Amino acid sequence: MNEFLDPKLAGWLIDAAYFLAAILFILGLKKMSHPTTARGGIVWAGIGMVVATVISYLTPDMHNYMLMTAAIFIGGVLAWWTGKKVAMTDMPQMIALYNGMGGGSAAAIAAVELLRLMTGKGLSHDIPAARELAVIGALIGTIAFSGSLIAFAKLQGWMRKVYRFPGQQVFNALVFVAIIVLGFMLALTDFTAWHFIAFFGLALLFGVLMTVPIGGADMPVVISLYNALTGLAVGFEGYVLDNPAMMIAGIVVGSAGTLLTQLMAKAMNRPLTNVLFAGFGTGDSGGAGVEVTGSMKAIDPSDAAITMAYADKVIIVPGYGMAVAQAQHKIWEMTQLLVSKGVKVVFAIHPVAGRMPGHMNVLLAEAGVPYDMIYDLEDVNNEFGTADVALVIGANDVVNPAARKDTSSPIYGMPILDADRAKNVFVVKRGQGTGFSGIENLLFFEDNTRMCYGDAQDVAQKFIAGVKSL
Amino acid sequence: MEGFIALYIFMLAAFTGYEIISKVPVILHTPLMSGSNFVHGIVLVGAMVALGHADTTTEQVIGFIAVLLGAGNAVGGYVVTERMLEMFKPSNKDKKGDAS
């Protein structure tokens with residue numbers, strides 16, 4: 001279709017469209033950082049994406065239009081379908097999956113460019129250091145690709161086990177050194193097909209090796225890290241292809257993602273190095289610690305409901321377990337009943353409630369909870385001392401007082417919600433086992449704690465019935 | 001592109017990304033991560049250019065995969081972000097307490 005268009009005009013149109021896209025991406029992300037404008041933000045960024053994609057068809061000297069359109073169609077429809085279908089609770093792993101695709105795409109671009117440079121035809125043969133950056137981008141993108149897929153498999157529950165073997169870190173280091181050597185060969189020498197295959201194969205393997213020892217609890221931080229890495233890879237490949245829109249968008253995401261990763265790691269009190277190189281959240285580090293004294297005491301949900309109905313202030317601490325049981329709608333119904341009886345009800349959200357910072361807010365918003373009833377850790381923590389009831393639903397580690405008391409606990413020092421300071425604590429829990437991280441929760445054994453065992457949705461239904469019966 | 005101009009672009013883009021995220025309330029972290037995941041879906045246009053210049057079958061196959069994955073990143077990232085943000089309907093009351 002290019003024959004009909006003056007190449008100069010086409011070039012100008014492409015430059016203008018990419019410039020527009022870059023502006024829309026930045027403004028879109030900016031708007032996404034405030035709740036009232038967030039919705040518009042993604043639409044703006046989306047317009048930028050459509051404009052950039054359509055105009056890219058005008059790029060001079062291209063062929064394979066059929067293949068291109070087919071690939072966009074297949075990839076787009078599959079992603080659209082899965083994205084529409086997925087439940088809100090499963091969002092984190094879908095983000096991991098789509099992010100992995102982006103990393104894979106950046107790596108594949110690098111592969112094509114490297115192959116073409118070998119024959120002296122590459123787009124980037126006159127750009128300084130393009131080949132080196134292509135190799136670096138390929139490495140980062142490939143690791144983000146295979147690592148994200150493992151993260152997806154783990155959160156999806158396809159890979160429950162944590163794989164470890166003695167000398168694993170030494171082995172990983174050796175693999176990494178091998179990748180670096182191969183990378184130098186690709187960047188600086190006349191490499192063969194075997195170098196090429198070995199480089200990408202080992203990079204894929206490294207992404208897997210890096211991710212399999214990491215437990216589910218740490219996965220959000222890892223996904224965020226891979227998101228940042230994909231951004232970097234896209235930025236570098238943008239340089240290789242002389243494409244400023246990719247450079248800007250990629251690096252903006254790379255730096256924003258790095259900061260977000262740090263914020264998440266901080267919220268969980270887990271230095272990034274611990275997440276990547278030490279095991280936790282895996283179930284095998286929770287054995288030690290102070291002796292648990294006392295016992296778990298059960299309570300009938302209807303009795304708990306009556307206590308709440310006569311309370312002045314109730315603080316609800318929702319966790320991922322509530323979302324899995326799809327109990328948020330019932331809990332909101334119960335909240336409205338309590339409010340109509342004059343009880344002050346607020347929701348207290350730990351930064352890592354759900355699977356990621358902000359995930360729980362999304363889930364509550366889905367149920368219709370207005371955001372002025374939802375409070376962050378710092379804003380609500382002093383309130384527990386004056387609360388009559390703290391209702392913990394499907395949350396575990398984020399209310400474990402061991403983080404304050406037990407220096408030997410793996411979560412010692414992690415900021416927690418001080419639910420134990422409320423007059424009464426009701427914990428809705430499926431069974432007596434330990435949670436996601438495998439750490440015994442001291443809160444469950446406190447004198448003022450009562451357990452409501454059962455599926456969160458059933459228990460919530462009983463709460464509603466109990467409140468209504470008054 | 002001249003090397004130093006590229007460096008300037010990288011530097012300014014890095015500061016921009018940092019600035020955007022540093023003032024975000026916690027409630028928007030997941031949607032924003034998803035949104036930034038969508039934004040690097042721009043890799044799609046690079047994949048199109050790479051496939052558009054591919055000659056051998058190997059290059060075409062890898063280019064095809066690149067476009068396929070890039071389109072998945074962009075479309076999937078958009079759909080899930082949009083679905084999450086859809087829930088942040090404007091409320092008649094101003095929100096408070098979630099600034100961090």
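One table, with the values for the structure above:
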{"item": "Accessible solvent surface per residue of segment B:26-87, calculated while the other protein chains remain in place, 1.4 angstrom probe, Å²", "result": "18 Å²"}
{"item": "Degrees between helix B:3-22 axis and first principal axis of chain B (Cα, 0 to 90, nearest 10)", "result": "30 degrees"}
{"item": "Inter-probe distance in nm under a simple model that places probes 7 Å from Cα toward Cβ, at residue A:47 and residue A:405", "result": "5.7 nm"}
{"item": "Calculated diffusion of segment A:364-467, Stokes-Einstein form, Kirkwood radius summed over Cα pairs, 4 °C and 1.567 mPa s, µm²/s", "result": "88 µm²/s"}
{"item": "Of all accessible heavy-atom area on segment B:26-87, the percent that carbon and sulfur account for (1.4 Å)", "result": "67 percent"}
{"item": "Those residues of segment B:4-27 for which accessible area with every protein chain present is at least 40 Å² below the isolated value (1.4 Å probe)", "result": "B:9, B:10, B:13, B:18, B:20, B:21, B:26, B:27"}
{"item": "Greater than 28 Å apart at Cα, pairs in A:85/A:344; A:161/A:297; A:297/A:344; A:429/A:468; A:423/A:462", "result": "A:85/A:344; A:161/A:297"}
{"item": "Amide hydrogen neighbours beyond the local backbone of residue A:393, cut-off 5 Å, H modeled", "result": "A:317, A:319, A:428"}
{"item": "Residue order for A:384, B:10 - accessible surface, 1.4 angstrom probe, largest first", "result": "B:10, A:384"}
{"item": "Protein accessible surface hidden between B and A, which excludes ligands and nucleic acids, total in Å², probe 1.4 Å", "result": "8700 Å²"}
{"item": "Between segment A:92-144 and segment A:344-414, the Cα center-to-center distance that results, in Å", "result": "41 Å"}
{"item": "Residue A:310-residue A:378 FRET efficiency (beta carbon distance; Förster radius 25 Å; 0.05 resolution)", "result": "0.30"}
{"item": "List A:12, A:44, A:80, ordered by accessible area with a 1.4 Å probe, largest first", "result": "A:12, A:80, A:44"}
{"item": "Amide H contacts under 5 Å for residue A:354, placed H, 5+ residues apart", "result": "A:320"}
{"item": "Residue-level accessible surface for residue A:101, protein heavy atoms, 1.4 Å, Å²", "result": "40 Å²"}
{"item": "Where a label projected 7 Å from the Cα of residue A:277 along Cα→Cβ would reach, residues of segment A:160-186 with amide N under 16 Å", "result": "A:167-177"}
{"item": "Scaled radius of gyration (Cα, divided by 2.2 N^0.38 Å) that segment B:26-87 gives", "result": "1.37"}
{"item": "Chain A: DSSP helices with Cα axial extent of at least 24 Å and average Kyte-Doolittle hydropathy no lower than 1.6", "result": "A:168-188, A:193-211"}
{"item": "Proximal lysines relative to residue A:30, as straight alpha-carbon distance under 27 Å, when same-chain residues fewer than 8 apart are discounted", "result": "A:84, A:266, B:23, B:89, B:93, B:95, B:96"}
{"item": "Accessible surface ranking that places the most exposed of A:65, A:371, B:18 first, with a 1.4 angstrom probe", "result": "B:18, A:65, A:371"}
{"item": "Diffusion constant of segment A:1-110 at 10 °C, which comes from Stokes-Einstein with the Kirkwood Cα-pair radius and 1.306 mPa s, µm²/s", "result": "98 µm²/s"}
{"item": "With DNA, RNA and ligands ignored, accessible area of residue A:23 (1.4 Å probe; Å², nearest 10)", "result": "70 Å²"}
{"item": "Area of residue A:273 that stays accessible when all protein chains are in place (1.4 Å probe, Å², to 10)", "result": "80 Å²"}
{"item": "Residues of chain A: accessible area per residue with a 1.4 Å probe, Å²", "result": "39 Å²"}
{"item": "Accessible surface of chain A [probe 1.4 Å, protein heavy atoms]: carbon and sulfur percent", "result": "64 percent"}
{"item": "Pairwise FRET efficiency - residue A:455 versus residue A:13, Cβ, R0 = 41 Å, nearest 0.05", "result": "0.10"}
{"item": "Cα-derived Rg to Rh of the protein assembly as shown, Kirkwood definition", "result": "1.02"}
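The values are calculated or read from the model by the stated rules, or taken from the named source; none is laboratory data. Please read all numbers here as calculations on a predicted model, not as lab measurements. Heads up, the Cβs are rebuilt from the backbone with ideal geometry, glycines too, and the neighbour counts pull from every protein chain shown. Surface accessibility is based on the protein's heavy atoms, side chains included, excluding ligands, DNA and RNA. Shrake-Rupley method; radii C 1.70, N 1.55, O 1.52, S 1.80 Å.
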